[in-house]
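Below is one structure, written out as structure tokens, with a few remarks after it.
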Amino acid sequence: MAVTFSKWKTPIKEQDPEVRRSNFKEVCLGYSVEEGIKESERCLQCKTKPCVKGCPVAIDIPAFIKCIKEGDMAGAAEVLDKYTNLPAVCGRVCPQETQCEELCTVGKMHGFEPVAIGKLERLVADWKYAQEKKDTEKTPAQTKGKVAVVGSGPSGLTVAGDLAKMGYEVTIFEALHAAGGVLIYGIPEFRLPKSIVKMEIEAMQDLGVKIECNAVVGKNITMQEIMEEFDACYIAVGAGAPHFQGIPGTTLNGVYSASEYLTRINLMHGYEFPEFDTPTKKFNKVVVIGGGNVAMDAARSAKRLGAEEVTIVYRRSLKELPARIEEYHHAVEEGIIFKWLTNPTEYVNNGQGELCGVKCIQMELGEPDASGRRRPVPIEGSEFFIEADCAIEAIGQGSNKVLLSTFPELKLNKWGYIEADPKTGATSVPGVYAGGDIVTGAATVILAMGAGKDAAAAIDKYITEKKSK
Amino acid sequence: MFKIVSKQKIAPKEFDIWVEAARIAKHAKAGQFVVLRVDDLGERIPLTIADYDREKGLIRLIFQVVGKTTAAMSCLNAGDSIKDISGPLGTPSEVEKYGTVLMVGGGVGIAALYPIIKELKMAGNKVITILGGRTSELVIMKKECAEYSDELIITTDDGSEGMKGVVTEAMKMVVERGEKIDRCWCIGPSIMMKFGTKAAKELGLPITVSLNPLMVDGTGMCGCCRVTVDNKIFFACVDGPEFDGHKVNWDEFMSRLRQYKDEEKISMDKFEAEVGEPSWQ
Ligand SMILES: Cc1cc2nc3c(=O)[nH]c(=O)nc-3n(C[C@H](O)[C@H](O)[C@H](O)COP(=O)(O)OP(=O)(O)OC[C@H]3O[C@@H](n4cnc5c(N)ncnc54)[C@H](O)[C@@H]3O)c2cc1C
Ligand SMILES: Cc1cc2nc3c(=O)[nH]c(=O)nc-3n(C[C@H](O)[C@H](O)[C@H](O)COP(=O)(O)OP(=O)(O)OC[C@H]3O[C@@H](n4cnc5c(N)ncnc54)[C@H](O)[C@@H]3O)c2cc1C
Ligand code: SF4
Ligand code: FES
């Protein structure tokens, strides 16, 4: 077969690293419609649709790409609408390289890059939001029953959107003052503009979904109250409680959890201090501990706030790095330093309760552990010191107990997450469903959405059956 | 939006407001607090729920102007609204019938002590209350605390009311006259709680303090509020705010409160440049 298209993905415009390392504007600028059409021509329209198998919500990828190719952007948006309520978010933050794009036939050809499926999804979603809202999209009648959703992250939003489309009256209860979960308080503006998240949430509200902020379930509304008022409930409270390694010096000024650091910047707009009241401090030398997306986001944010030197300390090597490879490349381009096979052992006090540096130790990879990854072990006598006025721990989060501690009927697994049926989200309490990070532990946006989709179908079935009795 | 239904100035730079917040009023208990944000550009700050009226759906907040957010709040009047309030947060006070309880309060901490005094009294305890301040007009809520106390002792640094001296001296006086104290709470400025704890140690009293570290979310999701108690890290917003005073690492706690000194000044200077110094109120 003669190949007539480029080996490479159609290049995408990005903000220059020299410029973007000091601003919070979006790094990737997205395709134009023309560039999108060009990229869509690389798709082979495979009959077997291998890419779809890699997508946790099974978007009909060749179908929407075909629409783009034909210049029918509205048609492409309609295809996406059937599968996802958050296409502009997913197009930006999904790890496509290990999902749809990993299985793409084009990418399997020697020397070829896969079709840029994620960037095309983003293009269609952004195109849709740039169009005038059609008044014809009427709110569906809300007659089938009442559902409460706890938490407004991607999982809760997905359940709410799907059930509203089916004709349910849905109320989301959110503890913070703004909806969106990690999309609003965790992932920074330069990867996911908050205006995009707000647009996706408004689209949900146009479907009739009610969102009540400042509603901490377990504190100002109890699960008992919810179960009396609603026909069913979906719990999607995420896994937001930060872990600390607990090494000496953890409570020094200048030591943060990534959760606090990013919440100050994103939810509270600390990067716009003093225009916004919540402060962030200007640090010179920042050490970030961890290797996931959260660590990359914290490091790149620190750079943008003016730090001269930002070092990521990770106890394994590049090969094991859990962050998206695209984010790793972006971090390197922005001048972030990586210290592989390194673990901190102590935060050092300058004598006034402030951090002045991090003691570290060199590691080597030993035998594989339970996760199958080789376990890092410290090399004796290899300690060294990194000067730093700020250290940010991004070593993972656990389940938040605020709701769980008030609802002991709900069965948890040994890691403290909710035990739920992987196909339906059903929990040990009838009528109560759960999904997203609070079931799986910290995972991805799309998996949280997938759980929401499955649960929406199961909740519909549950309520329909209950009402027909 | 949460509407302010009444506002009163109760001392220099100290204000007492009642706010519509039915859900919070319904579930509030002594020892709990709210986190609020005045407007869209605002910081989230914690304030104790000083009282509540479940029937009318109101909560009462008492605050002292110390920086930008509290200054901005002091400019709001009845009829104005606060953008966001979430709560009741934190673990409620352990209210039981203990016998005789000694309640020590100072500064705006009296607002946090008052609901605990009230609940302890209603639970059948003998309540001895000590309230202290620099001078008479800074000792707030005297009448209300008196209503739920078997004995109210006031101390002032300048002797303008009650005993001349500090609260720790009154604590000694009560113990030395032979009163058997079963539990003791001490809430006020951190320096007062630190010395209150020291006095309690000397007098052999157990002591509960209410820590007020910096907070962001107030629901256990950031770790900003972490404190070291008994050599372990706790998140004050969910594990507290009340802790055993004898086990608190006070120096670390006080050092963490000063983290944003420079930024707080920038914020306040900006506010004063825009609005004027608010002490005219
Ligand atoms: C910094 C960072 C970067 C990330 N980057 C990526 C990425 O690039 N790609 C990717 O796919 N994934 C990424 N993730 C992971 C992804 O964001 C999460 O897996 C996903 O958001 C989980 O969704 P969720 O709906 O389960 O929970 P969340 O998004 O955590 O939302 C839970 C919501 O519930 C609320 N809540 C909690 N308790 C209560 C209560 N008691 N009452 C009411 N509301 C409550 C919380 O305030 C929150 O808003 C990242 C995560 C972080 C932290
Ligand atoms: C659980 C809890 C309950 C509280 N209850 C009350 C209350 O009922 N009434 C009340 O007036 N205050 C209370 N506080 C303190 C209150 O939150 C702070 O005074 C407020 O955040 C100051 O905000 P600001 O913007 O006005 O001042 P900022 O500019 O933020 O700070 C100005 C000065 O106040 C000090 N300060 C800042 N935050 C705190 C704090 N959390 N505790 C002590 N000092 C602080 C700082 O050291 C700084 O020097 C409570 C705090 C906590 C954690
Ligand atoms: S696998 Fe790749 S080429 Fe085949 S349909 Fe999917 S996107 Fe197109
Ligand atoms: S204030 Fe965020 S964890 Fe306590």
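For region B:2-89, report the convex hull volume of the alpha-carbon atoms normalised per residue, in Å³, without decimals.
On the way: hull volume 7.2 nm³, N = 88.
Residue-normalised Cα hull volume stands at 82 Å³.
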Problem set entry | Part-to-part distance (alpha-carbon centres) for region A:282-316 and region A:160-175, which is given in Å | 37 Å
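How high is the relative contact order of chain A? Use alpha-carbon pairs under 8 Å, at least six apart in sequence, and give a whole percent. Can you show the working numbers first?
Numbers: 972 pairs, mean separation 71.6, N = 469.
Relative CO of chain A lands at 15 percent.
Inside 10 Å of the C-beta atoms of A:258-267, what's the mean count of C-beta atoms belonging to other chains?
Working: counts 2, 7, 10, 3, 1, 7, 4, 0, 0, 4.
Partner Cβ neighbours, averaged per residue: 4.
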Problem set entry | Whole-angstrom gap from region B:229-281 to region A:399-469, using each part's C-alpha centre | 38 Å
For this session: For region B:47-60, take each phi angle, set θ = phi - 60°, evaluate the Karplus expression 6.51 cos²θ - 1.76 cosθ + 1.60, and give the result in whole Hz per residue in order, putting x for glycine and proline.
Result: 9, 5, 7, 7, 5, 8, 10, 5, 5, 7, x, 10, 10, 10
Exercise. Counting only protein heavy atoms and using a 1.4 Å probe, what share of the accessible area of chain B belongs to carbon plus sulfur, as a whole percent?
Worked result: 51 percent
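So what is the relative contact order for region B:100-210, in percent, with contacts set as C-alpha pairs under 8 Å and at least six apart? Mind dumping the intermediate values first?
Values: 218 pairs, mean separation 32.6, N = 111.
Relative CO of region B:100-210 lands at 29 percent.
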Problem set entry | Pairwise burial A:B, computed as accessible area of each alone minus the pair, summed, 1.4 Å, Å² | 3800 Å²
For this session: Determine the shape class of region B:100-210: with a ≥ b ≥ c the square roots of the Cα gyration tensor eigenvalues, call it rounded for a/c under 1.5, and otherwise prolate if a/b is greater than b/c, oblate otherwise.
Result: rounded
For this session: Summarise the partner chain shielding of B:17-29 as one whole number: the mean count of Cβ atoms from other chains within 10 Å of each residue's Cβ.
Result: 2
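What FRET efficiency, computed as 1/(1 + (r/R0)^6) with R0 = 51 Å and r the Cβ-Cβ distance, is obtained for A:S371 and A:Q224, rounded to the nearest 0.05? List each step's numbers first, then the result.
Values: r = 38 Å, r/R0 = 0.75.
Result of the calculation: an efficiency of 0.85.
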Problem set entry | Residue-by-residue Karplus 3J(HN,Hα) for region B:114-122, coefficients 6.51, -1.76, 1.60, Hz, glycine and proline x | 3, x, 6, 3, 4, 5, 5, 5, 5
Seminar exercise, completed: Only helices counted: for the protein assembly as shown, with every DSSP H run of 4 or more residues adding -39500 (n - 2.57) and the sum spread over all residues, [θ] at 222 nm is -9000 deg cm²/dmol
Exercise. Taking Cα centroids, how far is region B:32-70 from region A:1-77 in Å?
Worked result: 49 Å
Exercise. Whose amide H sits under 5 Å from the amide H of B:I207, counting only residues 5 or more places off or on another chain, with H placed in the peptide plane?
Worked result: B:G245, B:H246
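Of the listed peptides A:454-463, A:322-331, what is their order by residue-averaged count of other C-beta atoms within 10 Å, with the highest listed first? Before the final figure, lay out the partial values.
Numbers: A:454-463: 21.7, A:322-331: 17.9.
Averaged packing, sorted descending, gives the order A:454-463, A:322-331.
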Exercise. Expressed as an acute angle from 0 to 90° and rounded to the nearest 10, what is the orientation of the C-alpha long axis of helix B:190-203 relative to the principal long axis of chain B?
Worked result: 10 degrees
For this session: Evaluate peptide A:463-469: per residue, the Cβ atoms of other protein chains within 10 Å of its Cβ; return the mean as an integer.
Result: 0
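Kirkwood Rh and Cα-based Rg: tell me the resulting Rg over Rh for chain A, rounded to two decimals. Please list the in-between numbers first.
Numbers: Rg = 23.0 Å, Rh = 23.6 Å.
Answer for chain A: 0.98.
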Exercise. Which ³J(HN,Hα) values, rounded to whole Hz and listed in residue order, are derived for region A:111-121 from phi using the Karplus coefficients 6.51, -1.76 and 1.60 in 6.51 cos²θ - 1.76 cosθ + 1.60 with θ = phi - 60°, glycine and proline given as x?
Worked result: x, 9, 8, x, 5, 7, 4, x, 5, 6, 4
Seminar exercise, completed: Sorted by chain and number, the residues with a modelled amide H under 5 Å from that of B:G240, at a separation of 5 or more or across chains, are B:T91
For this session: Give the peptides A:41-47, B:114-120 in descending order of average Cβ contacts within 10 Å, highest first.
Result: B:114-120, A:41-47
Exercise. Relative contact order for chain B using alpha-carbon pairs under 8 Å, separation at least 6, rounded to a whole percent?
Worked result: 16 percent
Exercise. For q = 0.08, 0.10 Å⁻¹, what log10 I(q)/I(0) does chain B give under the Debye formula with an equal point scatterer on each alpha carbon and no solvent?
Worked result: -0.32, -0.50
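What ranking, highest mean first, results for peptides A:182-188, B:98-104, A:86-92 when packing means the other Cβ atoms within 10 Å averaged over each residue? List each step's numbers first, then the result.
Details: A:182-188: 23.9, B:98-104: 22.0, A:86-92: 26.4.
Final packing ranking: A:86-92, A:182-188, B:98-104.
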Problem set entry | For A:M363, distant residues with modelled amide H under 5 Å away | A:T342, A:N343, A:I379
Problem set entry | Beta bridges per DSSP with both ends in chain A, % antiparallel, nearest 5 | 40 percent
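The values are calculated or read from the model by the stated rules, or taken from the named source; none is laboratory data. This is a predicted model, so every value here is computed, not measured. In this analysis, Cβ positions are derived from the backbone assuming ideal geometry, glycine residues included, and neighbour counts consider all displayed protein chains. Note: accessible area is taken over every heavy atom of the protein model, side chains too, but ligands, DNA and RNA are not part of it. Shrake-Rupley method; radii C 1.70, N 1.55, O 1.52, S 1.80 Å.
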